[in-house]
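> First the structure, which I've put down as structure tokens, then a few questions once you've had a look.
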Amino acid sequence: MTEQTTSTENSVDQQHFDTLIADDSRIEPRDWMPEAYRKTLTRQVSQHAHSEIIGMQPEANWITRAPSLKRKAILMAKVQDEAGHGLYLYSAAETLGTPREVLNQQLLSGKAKYSSIFNYPARTWADMGAIGWLVDGAAICNQVPLCRASYGPYGRAMVRICKEESFHQRQGWEILYELSHGSEEQKQMAQDAVNRTYGPALQMFGPPDADSPNSQQSMEWNIKRFSNDELRQRFVDMIVPQAEALGLTLPDADLKWNEERGHYDYGQLDWDEFMSVIKGSGPCNVQRMQRRRKAHHDGAWVREAAEAYAKRQMQAAAQAAESATDSPEVSIVAGRASAELIGA
Ligand code: FAQ
């Protein structure tokens, strides 16, 4: 192929891609896409998958200490849902061309990021409520627009994830409601969990727009539909009345309704702390990574067994197909079918 043909093909491909984006259509794995689009999606989707997997840890820690059988069953179901989200997202990321083992290795080696929020400890049972209400709440706010992400497999995965996250948020809100309407000690425990989770939950939306290197391009490609600050504002506006309904306060002295803007103003977040957490120095970064590496190591036999089983199934299917074509009866039926196909 000459160089000229290649560049003509590239520009035709690029035009087709640009048209799909301009029409707010979907890019599918079979479609040509610019390398930078593939790269940013692989980055975002895999980081999202890693977050779901690491995000199981703070809550899994409380399964054995849930205050009742019902609470334990609900929490177990929620943590399993998060594992499922990780799996849908790894599958979506793989359609962009990077194998799951490579993505996993990026997490285990500490090269890949995952959400800052999961590097904070879950100190009391009330944290299960605060995580559900605020962390899953922030996740929904951020992820509902991602259901319309331009990359088909990501957008479709997000639809199911968001439905499950809504249940997660409700169960968290309900835990906090029970506690905040219980004894004084329980109410204090709920308030303390909210005080500790509020700031880090607001930081889940990412750095302020002025310091977000990826936002503009991701919005031009219809991956992100709103900026980090727009979604953060939406979240604050959503949780203020919910906190009132819970009878709890949000730990921000600057939080107040701004009539002119039609939104709540809120105070500065600690962005130095955020940067230190995403660079690996949060309170639980080391512990989270140690636990993940151990789980990966301990799960080696499961992966080996699953691989051996899949190989045997494939061999059995290939053998069955071979003996079926050897049978004269099948050959006659197959011959008839092909004759019908060509109209003979
Ligand atoms: N933590 O230029 P931007 C959940 C990084 S799932 C750590 O603004 P972008 C469910 C960012 O990667 C929670 N790193 O980046 C659950 C980038 O680094 P890079 C996860 C962060 O991509 C609940 C750099 O900073 N959700 O909670 C964070 O345009 C309960 C510059 O930032 C998703 O992943 C952070 N908070 O916007 C599970 C949603 N923020 O790669 C279990 C999908 C930013 O250039 C229990 N992702 N960074 O080195 C997104 O929407 C976006 O990727 C953002 C970041 C909004 C997170």
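> Please report the base-10 log of the normalised intensity I(q)/I(0) for the chain, using a Debye sum with one equal scatterer per alpha carbon and no solvent, at each q in 0.08, 0.12, 0.14, 0.15 (1/Å).
-0.50, -0.95, -1.19, -1.32
> What list do you get for S215, S25 if you sort them by fewest beta carbons within 10 Å?
By the 10 Å Cβ count, ascending, the order reads S25, S215.
> Let me check I've understood the local charge: for S150, count other residues with C-beta under 14 angstrom from its C-beta, Lys and Arg +1, Asp and Glu -1. What total comes out?
0
> Quick check: the angle from helix 3-22's long axis to the longest principal axis of the chain, C-alpha only, nearest 10 degrees?
Helix 3-22 sits at roughly 50 degrees to that axis.
> Identify all lysines with a Cα-Cα distance to K256 below 27 Å; exclude those on the same chain that are fewer than 8 residues away in sequence.
The qualifying lysines are K187.
> Which whole-angstrom value gives the distance between the alpha carbon centres of region 251-328 and region 162-190?
Each part's Cα centre sits 25 Å from the other's.
> Placing +1 at every Lys and Arg Cβ and -1 at every Asp and Glu Cβ, with all other atoms neutral, what dipole size does the chain have around its Cα centre, in debye to the nearest 20?
1180
> Most mobile of V194, V144, V102 per a Gaussian network model of the chain (Cα springs, under 10 Å)?
Among V194, V144, V102, the largest mean-square fluctuation in the Gaussian network model of the chain belongs to V102.
> Report the local net charge at I161: Lys and Arg +1, Asp and Glu -1, summed over other residues whose C-beta lies under 12 Å from its C-beta.
Local net charge: -3.
> Please report H50, H297 as a ranked list, fewest other C-beta atoms within 10 angstrom at the top and most at the bottom.
Neighbour counts put them in this order, fewest first: H297, H50.
> Specify the angular offset, from 0 to 90 degrees and rounded to the nearest 10, of the alpha carbon long axis of helix 300-326 from the longest principal axis of the alpha carbons in the chain.
30
> Going by C-beta contacts inside 10 Å, put I117, I21 in order with the fewest on the left.
Going from least to most buried by this count: I21, I117.
> Rounded to the nearest 0.05, what FRET efficiency do N61 and K279 give with R0 = 22 Å and r taken as the Cβ-Cβ distance? Could you check?
0.40
> Further question: Quick one: compute the contact order of the chain, relative version, from alpha carbon pairs under 8 angstrom and 6+ residues apart, as a percent.
Averaging sequence separation for qualifying contacts and normalising by length gives 16 percent for the chain.
> With +1 on the Cβ of every Lys and Arg and -1 on the Cβ of every Asp and Glu, and nothing else charged, how large is the dipole of region 154-280 about its Cα centre, in debye rounded to the nearest 20?
680
> Please determine, in degrees from 0 to 90 and to the nearest 10, the orientation of helix 184-203 with respect to the longest principal axis defined by the Cα atoms of the chain, where the helix direction is its Cα long axis.
With both axes taken from Cα atoms, the answer is about 50 degrees.
> Right, another one. Show which aspartates and glutamates lie in cross-link reach of K78 when reach means a straight Cα distance below 18 angstrom and same-chain residues fewer than eight apart are skipped.
K78 reaches E52, E59, D127, D136, E164, E165, E174.
> Set Lys and Arg Cβ to +1 and Asp and Glu Cβ to -1, take the dipole of region 16-78 about its Cα centre, and tell me which of T64, P34, L20 lies farthest positive.
T64
Any read-out appearing in this document is the output of simple, stated calculations on the displayed coordinates, not a laboratory observation. Keep in mind the model is a prediction, meaning the values are calculated, not measured. Here Cβ is always computed from backbone atoms with ideal geometry, including for glycine, and neighbour counts include all displayed protein chains.
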